[in-house]
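Chemist: For reference, the structure I am asking about is given below.
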Amino acid sequence: MSIRSIDVDVTSPGRNFVTAIVTTDDGVTGLGDGTLNGRELAVASYLRDHVAPTLIGRDETQIESTWQYLYRSPYWRRGPVTMAAVAAIDMALWDIAAKRAGVPLYRLLGGASRTGLMTYAHASGTDLEHLDDAIRGYVEQGFRAVRIQTGVPGLGQIYGVHDSAPGGAYEYEPAGRLAADAPRRPEEETWDTAAYLRHLPTVFEHVRSEFGPELHLLHDGHHRMRPIEAARLASDLEPYRPFWLEDCTPGEDQSALRLVREHSTTPLAIGEVFNSVFDYQTLITERLIDYVRSSATHAGGVTGLRQLMTFAGIYGIRSGFHGPTDVSPVGMAAHLHLGLAIHNFGIQEYMPHSARTLEVFRTSFTFADGMLHPGETPGLGVELDREAAAAHPYEPAYLPVNRLRDGTVHDW
Ligand code: EZ4
Ligand code: CO
């Protein structure tokens, strides 16, 4: 069996997605997610112009070998664009392999290690009242873990904070779509770390007293702190027993977390902007983190993420795969199958896709009592309606830029 064609669809049912569609010579198709928020067209070109032509006629069952070929053959290894393209092909080949075997992908990856995947939802509110409403909505839906993000007094719109609709639905998309006549550049937001560090512990204190000790509380620092500031926050949050503090420092500075570790036992999670196991070498071997935040979409697909999780498992480090809405339903399916199969699963982020997105990508996931399951459909269990996809052409959208009050460009 061999690869007959590779198509790349860029569709925008509410937000942009890049999908590789690999078709074999006997007509089996596999889907892979290569969405890179704000840089979608770069991945689409990489796939169409540089990857697809090299794979036509190759054996579609050689998944590991194809991964190594795509990783090594460009000479320029790693990087988000390359690894999203590798991911898209890798997921599609696993999808095809599982469809041919007639089994859901998790069975090819070793079978189920658990009955379902504990998820966490995004509770967000510009103030404590809205935040409480959002948390309550998720608790009522059965979630046992929530990520809490809230506004900071004195600051306006900040990254990742928006009021949820009643009932907890949170459809906020941080990448702002640009109107046709708007300048082609991102929105800008103002940030003040000192104000944030004063405010956040009071938020945790309030939520703990309101919702009790059992609900798992997570928080995302979006890379905004220096090591000493992150150490202070991790220590200040300790009394409220967070499940994790995510991205407290810029991810690429691995040794920064040594300082945070020295000062607190708050569990740490990092890695959504990483794209290879090498980004984690110091973090894992020195046990500087508790959860890896990579996604299959940005870290070389099922093969790349499995390699990373095997390495992390040796050090007792668990998964917390990145699951924002910019990971497409195809990427999300890859997480659910891998998470069900590996021993060192931790928690799965779950931001449900909008109804519009789910009309284009039809999934077979199930959700009950705060737990997700990938379902029993052969393959990844996702179908792409290409006609519906074509009705939503690409729209430019960029993630915002952060500046300090004096105009200095800052991390998110
Ligand atoms: O900022 O996916 O933990 N989740 C996050 C996300 C990311 C977006 C970037 O595209 O931080 O909201
Ligand atoms: Co994050």
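Chemist: Work through the residues other than T23 whose Cβ is under 15 Å from its Cβ and net out their charges, Lys, Arg +1 and Asp, Glu -1.
Modeler: Details: positive: R4, R48, R58, K99, R100, R386; negative: D7, D9, D25, D26, D59, E60, D95, E383.
It works out to a net charge of -2.
Chemist: With the contact rule set at Cα under 8 Å and sequence spacing of 6 or more, what percent relative contact order holds for the chain? Could the numbers behind the result be given before it?
Modeler: On the way: 929 pairs, mean separation 93.3, N = 412.
Taking the mean separation of contacting Cα pairs over the length of the chain, I get 23 percent.
Chemist: On to the next question. Report the full-extension gain for the segment R405 to A182: residue separation times 0.36 nm, less the Cα-Cα distance, to one decimal in nm.
Modeler: Here the segment from R405 to A182 would lengthen by 77.9 nm.
Chemist: Quick one: among P53, P104, P400, which has the greatest mean-square fluctuation in a GNM of the chain with alpha-carbon springs under 10 angstrom?
Modeler: So, out of P53, P104, P400, the one fluctuating most is P53.
Chemist: Would you rank W244, W412, W94 by solvent-accessible area, highest first, keeping every protein chain in place and using a 1.4 Å probe?
Modeler: W412, W94, W244
Chemist: So what does D181 come to for accessible area, using a 1.4 Å probe and Å² rounded to 10?
Modeler: The accessible area comes out at roughly 140 Å².
Chemist: Whole angstrom only: what separates the Cα centroid of region 63-85 from the Cα centroid of region 111-132?
Modeler: 33 Å
Chemist: Just from its helices, what would the mean residue ellipticity at 222 nm be for the chain, if runs of 4 or more DSSP H residues each count -39500 (n - 2.57) and the sum is divided by every residue, rounded to the nearest 500 deg cm²/dmol?
Modeler: Working: 14 runs with 141 residues, N = 412.
Helix contribution divided over all residues of the chain: -10000 deg cm²/dmol.
Chemist: Where in region 115-130 does the label zone of Q141 land, with the point 7 angstrom along Cα→C-beta and an amide N cut-off under 19 Å?
Modeler: Under cut-off, by backbone N: 116-127, 129-130.
Chemist: Right, something else. Give a quick list of chymotrypsin sites (Phe, Trp or Tyr not before Pro) in region 6-91 that DSSP marks as loop, anything other than H, G, I, E or B, with at most 16 other Cβ atoms within 10 Å. All intermediate terms of the calculation are to be shown ahead of the outcome.
Modeler: Working: sites: F17, Y46, W67, Y69, Y71, Y75, W76; in loops: Y75, W76.
Filter output for region 6-91: Y75, W76.
Chemist: Which angle from 0 to 90°, rounded to the nearest 10, does the C-alpha axis of helix 63-72 make with the longest principal axis of the chain?
Modeler: That works out to roughly 70 degrees.
Chemist: What net charge is computed for the residues neighbouring E189, neighbours being all others with C-beta under 13 Å from the C-beta of E189, Lys and Arg scored +1, Asp and Glu -1?
Modeler: Working: positive: R224, R403, R405; negative: E187, E188, D192, D411.
With Lys, Arg at +1 and Asp, Glu at -1, the neighbours total -1.
Chemist: Here is a further query. Convert each backbone phi in region 122-135 into a coupling constant with the Karplus relation 6.51 cos²θ - 1.76 cosθ + 1.60 (shift: θ = phi - 60°), then list the ³J(HN,Hα) values in order as whole Hz, x for Gly and Pro.
Modeler: Working through the residues one at a time gives 9, 9, 9, x, 5, 9, 5, 5, 5, 5, 4, 4, 5, 4 Hz.
Chemist: Sticking with this one: Among R15, R318, what's the order by accessible area (1.4 angstrom probe), most exposed first? Please report the intermediate quantities before stating the final value.
Modeler: Details: R15 20, R318 95 Å².
Order by accessible area, largest first: R318, R15.
Chemist: For every other residue with a beta carbon closer than 15 angstrom to the beta carbon of L340, add +1 if it is Lys or Arg and -1 if Asp or Glu, then tell me the sum.
Modeler: Cβ neighbours under 15 Å give a net charge of +3.
Chemist: From Cα pairs below 8 angstrom and at least 6 apart in sequence, can you work out the relative contact order of region 61-139, rounded to a whole percent? Can you show the working numbers first?
Modeler: On the way: 32 pairs, mean separation 14.3, N = 79.
The normalised contact order for region 61-139 reaches 18 percent.
Chemist: Can you give the accessible area per residue of the chain, in Å², using a 1.4 Å probe? Spell out each step's value before the answer.
Modeler: Details: 16450 Å² over 412 residues.
On a per-residue basis, the chain sits at 40 Å².
Chemist: Report, in degrees rounded to the nearest 10, the 0 to 90 angle that the Cα long axis of helix 227-237 makes with the longest principal axis of the chain.
Modeler: For helix 227-237, the angle is close to 70 degrees.
Chemist: Mind giving me the FRET efficiency for T61 and A368? R0 is 56 Å, r the Cβ-Cβ distance, nearest 0.05 is fine.
Modeler: Values: r = 35 Å, r/R0 = 0.62.
Working from the Cβ atoms, E equals 0.95.
Chemist: Now, a different point. Using θ = phi - 60° and the Karplus form 6.51 cos²θ - 1.76 cosθ + 1.60, what ³J(HN,Hα) does each residue of region 199-205 get, whole Hz, x for Gly and Pro?
Modeler: For region 199-205, the Karplus-derived couplings read 7, 4, x, 5, 5, 4, 4 Hz, x marking Gly and Pro.
Chemist: Mind grabbing the accessible area of S113 for me, 1.4 Å probe, Å², rounded to tens?
Modeler: 60 Å²
Chemist: Mind jotting down the distance between the C-alpha centroids of region 292-311 and region 1-41, whole Å?
Modeler: Value for the Cα centre distance between the two parts: 19 Å.
Chemist: Another question about this same structure. With a 1.4 Å probe and all protein chains kept in place, how much accessible area does E173 have, in Å² rounded to the nearest 10?
Modeler: About 40 Å², ignoring ligands and nucleic acids.
The values are calculated or read from the model by the stated rules, or taken from the named source; none is laboratory data. These figures come from a predicted structure and were not determined experimentally. Virtual Cβ from ideal backbone geometry, glycine too; neighbours counted across all protein chains shown. Ligands, DNA and RNA are stripped out before the accessible areas are found, and what is left, the full protein with its side chains, is counted by its heavy atoms. Shrake-Rupley method; radii C 1.70, N 1.55, O 1.52, S 1.80 Å.
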